[in-house]
Every structure is written in structure tokens, then in C-alpha cells.
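Only one structure is covered here, and it is reproduced in the block below.
Values in this text are rule-based calculations from the coordinates and carry no lab data. Quantities reported herein were computed from a predicted structural model and do not represent experimental measurements. Counting neighbours? That spans all protein chains shown, and the Cβs are built from the backbone with ideal geometry, glycine included.
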Amino acid sequence: MKQQGLPKDFLWGGAVAAHQVEGAWDQGGKGPSIVDVLSSGAHGVDRVITDGILPGYHYGNHEAVDFYHHYKQDIALLAEMGFKCFRTSIAWSRIFPKGDELVPNEQGLQFYDDLFDELLKHGIEPVITLSHFEMPWHLVKEYGGWKHRKLVEFFVRFSETVLRRYQHKVKYWMTFNEINNQRNWRSPLFGYCCSGVIYNQEPNPEECMYQVLHHQFVASAQVVKLGHEINPAFQIGCMIAMVPLYPYSCHPDDVMYAQEAMRERFLFSDVHVRGAYPNYIRKEWQRKGYQIAMEPGDEQILREGCVDYIGLSYYMSNAVRAHHQGSGTALSGFEGGVPNPHLKASDWGWQIDPVGLRYSLNILYERYNKPLFIVENGFGALDKPGESGEVQDDYRIEYLSAHIAQMKKAVIEDGVELMGYTPWGCIDCVSFTTGEYRKRYGFIYVDKHDDGSGSQARSKKQSFHWYQGVIKSNGETL
Ligand code: BGP
């Protein structure tokens, strides 16, 4: 008997985030966001969190790939590939330029109305992240970011505004992008973009991170509950960066260490999915003497705002070792992380592990028994158009097809419920970790470069035609 394939309504598509594609950072009434004061890194130099827009720095997100003005053309290309859905985010500071106003910016709301209409016109479902590594900069300057409880109110107001406005256009939502990445509080970048807080400048960075997180959990749960009241058909998920941490060896200390390290990251989905703090974190807080301020009623809010699905990004796995020196590696900041001798890595050190995707889907599904949605996966590379003008990105095709093959096994052989697959940066965009254009993921090449040159012209890469065939065959032709 022929083996059953992926579900007929499987959501094939691609993903981006507002600040990495839109540009037009100060147009249409938009206020500056925290990403607008984050400089671009260059060739191994880190991005800098600047205090305002300062001379001498380059801010790649200001222009990005100008999706703000090119979205019609871009969506037509996505439609040509056969996209069923498109994941992007709403820039909070387009809707509330400072974040603490009572009245939203109509021009910002209109932009997303037009964008969603364009997608729907082509039969493409919008999949929307409410907070993708950005927030109005004013909220950081004035309130100290998510450390302040007031942020819950501001975020809920922003979310309610857009959930109501787009209730007939958008069905799939996510609250916070890769919320668990702020666990890497030693990296200023992740903490800052997830919360507006530079954790390692705080007296107790870890305790501060848990306080921020509590505010975000409460805000997320309120938004989920409210969303279900606004439109019961909404599907609202959380979103985590899934990096499976393998024990470096079968030494029981390594195995236990890897389990604990994974649990530190599962905390984020545990609370979103189960609506309560697990025992292991309460024990940790007690042991470390952490006091996390909570208000009466918070526990009930968490219980009432459980998510419908788990969105995840998957790029790589890591191996960890219990008895290690120092804290973390250049790989991805995982404490105890060591290179896995069985895996190759991308030019940026991200270890390529397609089987790790099947493993991840199984762990998550066993843990939560909830639908999953792969909302990011992909291969960042230095693409160069060949003589014909087309980028021959066979390395990307190889990466993606190996991952899709494992994803299919998880669904078809293991029975994981998977809603869809949206590879990251389906159109070239600004890299998050480096702020550069040269780390590209797209099926669509954009002529835009780190030295400021480029016409912003779009062209199809080899992978464009390949992905078109994948979608058309519902994943049969890889
Ligand atoms: C995830 C983010 C994205 C994206 C992606 C690739 O962490 O959610 O915003 O950028 O990683 O990372 P990078 O752009 O740094 O290669």
C-alpha cells in the first residue's frame, strides 16, 4: 500500500519579520523601534546597541529590502511559488509609535490592511507574529522595557487593536518570537531584542530575566484569551527556538546535564502550553533565593490563556558537556556547548542536522500533544548570482530537502501533528544576528548590499523553482 503523504491542507510558505524586510523605518507615522538603534555588525564585528541614531554607525534595518514599497511585487513572486501562507510580524511601533499612547496610528494599521488584502487576493494565509524581536524604543527609554509591569498593559492594548482590526483577515497568530532565546542572557543581543533589557548590565541578570518573562507570560496569556473571545476560530501559538541539546557522551553526567539544559528552554513552552509554572522552576527559584513579583490573579490568567499550537524555529542542534570550562561557545551561546564531531556547520558555525528536526518534532509532540508549526528553518549563505544572473544555490536546496525529508518522517511515520512549514527569509532580508545583508536565506534574491549599493531588484534563485515543485507536489518531489 502506498504510504500516505502530508495532509492536503498543509501550510507551505515562508517567513520573515517586519523589521528585517520592511525598511521605511520612519515612514507612515512609525516610531523608532529598538531595532532601529541597533547597528549592523560587519564581518565578525558584533551589532552595537546604540543610544539613538548615531553618526558613524550603519543601521541596516532602516532600509532593509524595502518590502514596505515592494510588497505587491514580492507577494506576486511568493504566489508564483505556490505559497499557501506567509509569516511576517506587525511592527508594534507602526501601530503605536511610542507604545504607551491610547490611540493607534491609522496609517500603520492601513499598511497591514493593504498587505493582508494583497496576500488574501493570492489565496495566501497571513501567519502573524505580534512581537518579533522589536518594540517601540520609547518603552525602553521611559520604562526600562519588559522589566516594567506596565509593558503588559501596553502590549495587550497593541495586540487587542490588531486582533480586532484584522479578525476577518488573519487566523494564525503567535505572541512572542523565539521567547526562549532570552535564556541566552549572556548575549546582549537576544535579551535586548526579546525584552528591551540588557541583562548582563543588571545586578542579577538571571533573576531579572525571570521577572521579564513573567510579565511576558502574563501578557501572552491575556492576549490568547482575548483573541479567542474576539474570534473563536483564531489559532494562537507561542514560538520557541528549538535547538535540541544532545549529551556529548553517554556519561550519565552529560546526559543529566543535557536534560537540565533542555529543560531551561522548555520552561518557555511549558508555561505557554500548560498554563502554569512547573515544579522544577519553582525549586530553582527557591534554591537561588529569587523573588519573582507576581500579582494576585496572575496564575489564573496563565491558566486561562493556553496556546493552541507551538510554533518553532529549527536551524541546528548542539551538543553539551557537563564538565566544561568557561561559559558557552561561539556556536550559539549554549553553556557547555561543544562542536558535534558528526556534523558539519554553515559558514556561521550553525551545525547542520536534519535528523535533529525529526527528533525535535517528536520531543515536542510527546511533551505537549499539541499541533506544531515549523515557522523557521533555513540555510544562511553567501549567495552570488552566476553568469546567467541566477543564484545557483544548490547548497540551500540540499539543506532544505534534507530537512523536509525528516519532517515528513515525523508526520508520516511518527504521527506528529504538523500544521505547516515556512522556511526563514523566503525573500532575502537583513540577518538578525549580524544585521548584514550578505547572510542570505531567500528563494528570491534582492540586489542590496552591505556597502549601501544595490538596486533592490528582485530575482529568482535556483531554489525558487525547486520550492515551487515541492509545494506543487505537496512535498513528494524534493
Ligand atoms: C531567528 C530569528 C529570525 C532570523 C533567524 C536567522 O533567530 O527569529 O529573526 O533572523 O533566526 O538568523 P540570522 O538572520 O541571524 O541568520
Whole-Å distance, taken between Cα centres, linking the stretch 193-214 and the stretch 335-371: 26
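Got the relative contact order for the chain handy, in percent, Cα pairs under 8 Å and 6 or more residues apart? Intermediate results must be reported in sequence, preceding the final value.
Values: 980 pairs, mean separation 82.2, N = 478.
Dividing the mean separation by the residue count of the chain yields 17 percent.
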J(HN,Hα) series, the stretch 308-322, from Karplus relation 6.51 cos²θ - 1.76 cosθ + 1.60, nearest Hz, glycine and proline x: 8, 7, 10, x, 9, 9, 9, 10, 6, 10, 9, 10, 10, 10, 5
The chain: antiparallel DSSP beta bridges as a percent of all, rounded to 5: 25
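Please report, largest first and rounded to whole Å, the three semi-axes of the ellipsoid equivalent to the stretch 11-472, where each semi-axis is the square root of five times an eigenvalue of the C-alpha gyration tensor.
Details: eigenvalues 177, 149, 105 Å².
So the three semi-axes of the stretch 11-472 are 30, 27, 23 Å.
Using the C-alpha gyration tensor of the stretch 87-192, what are the square roots of 5 times its eigenvalues, in whole angstrom, with the largest one first?
On the way: eigenvalues 127, 59, 22 Å².
The three semi-axes for the stretch 87-192 are 25, 17, 11 Å.
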Mean Cβ count within 10 Å, highest first, over the residues of peptides 18-30, 80-92: 80-92, 18-30
Bins of 10 Å, starting at 0 and running to the largest distance - Cα pair percent for the stretch 335-438: 12, 38, 34, 13, 2
Whole-Hz couplings from phi, Karplus 6.51/-1.76/1.60, listed for the stretch 349-357; x for Gly and Pro: x, 7, 6, 8, 8, x, 4, x, 5
Ellipticity estimate at 222 nm from DSSP helix runs (n ≥ 4, -39,500 (n - 2.57)) divided over the chain, nearest 500: -11500 deg cm²/dmol
Amide H partners (placed H, <5 Å) of residue 351, local residues excluded: 317, 346
For the stretch 117-171, projected area of the alpha-carbon convex hull averaged over all directions, nm²: 4.5
